[in-house]
Structures are given as structure tokens and as C-alpha cells.
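All of the numbers you see were taken from the coordinates with simple rules; none came from a lab. Note that the coordinates shown come from a computational prediction; the quantities given were computed from them, not determined experimentally. Heads up, the Cβs are rebuilt from the backbone with ideal geometry, glycines too, and the neighbour counts pull from every protein chain shown.
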Amino acid sequence: MSGRRLLSAVILVTLAACGGPLKYEVRSSETAPGADAKIVADVNKEQNQTELKVHANNLPPPSRVVEGSNNFVAWYRKDSKDAWTRIGSMEYDEGDRKAKLNATTPETSFDIAISVEKEPSPASPSPDIVFSQHIN
């Protein structure tokens, strides 16, 4: 009987370790009220990287969020002591008010933020953060 319990415990631990991608439902900040994002993070600990898929809905055009802005840009940092690193600009469809991003980060646990920017490749994020989430 104890052999069966051990086998059951091993199976449960194995299944928990293979739980699949992490999924987050993220509400927007006051910067763009009413927008929602779905973030899927497929963590690969062996390669120390995470494949990200971000899909935002009900997202107003960047210029309506902050005058003069043209882009939504995604950023990551390992923790609050580190500087933000640009992941990339999101693809935005103004007609559908949807944005998406498929990218990879060289971390398995990190913060992600999406900001509104005037340029597609700024050196650091503006204070106008639309979405933020800790991936872990």
C-alpha cells in the first residue's frame, strides 16, 4: 500500500510540474479605463526564458490615452531593483481596439508592463502604464 501512495505522490508532483503555461487576466490602469489584457506566459526553466503572448481588448488608441502618443510598448524587469528592458511594440488595430504581442524574455520570473509611448523604441518606459503584471 505504501508503494501505491509513493507512486501517487510522484505522479501528482509530475503533473504539477507540467501544469502548462501561466495565464493572467489583467485589468487596465486608470490610464486606459475599461481595457483588459490576457497574458499567457509559457515558462521554460531549462532554457531560462519565457514565451509571452499578450492580447489586449477595448484599448483606446494611444493618442487618446496620452496626446501625441502612437505606440503601446511592452517592458520587463526581473524585480523592482532592476531597470526596465524593452520587449517590443504591440501590434495595434484601431478599428477593433485590440493589441497583441508575441515575444520571448530571458527570464522565468519577472514584472511586465505595457506603456503608452510617442516613439516605438524608447530607452525607458513613460510613466503612462496601461497594464502591469508579475509573472511567476
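Structural remarks
- Summed over segment 28-42, the residues that are in contact (Cβ under 8 Å) with a residue 40 or more places away in the chain and under 13 Å from HIS134 (Cα atoms) give a count of 2.
- Test for LYS81: is it assigned to a loop (DSSP other than H, G, I, E, B) and among the basic types (Lys, Arg): yes
- Checked against the criterion of being under 17 Å from THR31 (Cα atoms), crowded, with 19+ Cβ neighbours inside 10 Å, in contact with a Lys or Arg (Cβ under 9 Å, 6 or more places away or on another chain) and among the hydrophobic types (A, V, I, L, M, F, W, C), the candidates PHE131, PHE110 yield just one match: PHE131.
- In segment 46-74, the residues that are over 17 Å from the mean Cα position of the chain (by Cα) and either part of a strand (DSSP E or B) or under 23 Å from THR105 (Cα atoms) (or both): GLU46, GLN47
- As a summary of the residue check, ASP42 satisfies the conditions (1) more than 18 Å from GLU25 (Cα to Cα); (2) not in a loop (DSSP other than H, G, I, E, B) except for the one numbered (1).
- Single residue of segment 110-136 satisfying the filter (part of a loop (DSSP other than H, G, I, E, B) and of a type in the set (Asp, Glu)) that is nearest to TRP75 (Cα to Cα): ASP128
- Put simply, of SER63, SER28 the only residue that is surrounded by 19 or more Cβ atoms within 10 Å (Cβ to Cβ), closer than 25 Å to GLY95 by Cα and polar (S, T, N, Q) is SER28.
- Given (1) in contact (Cβ under 8 Å) with a residue 40 or more places away in the chain; (2) exposed (fewer than 15 other Cβ atoms within 10 Å of the Cβ), index of the condition SER80 fails: (1)
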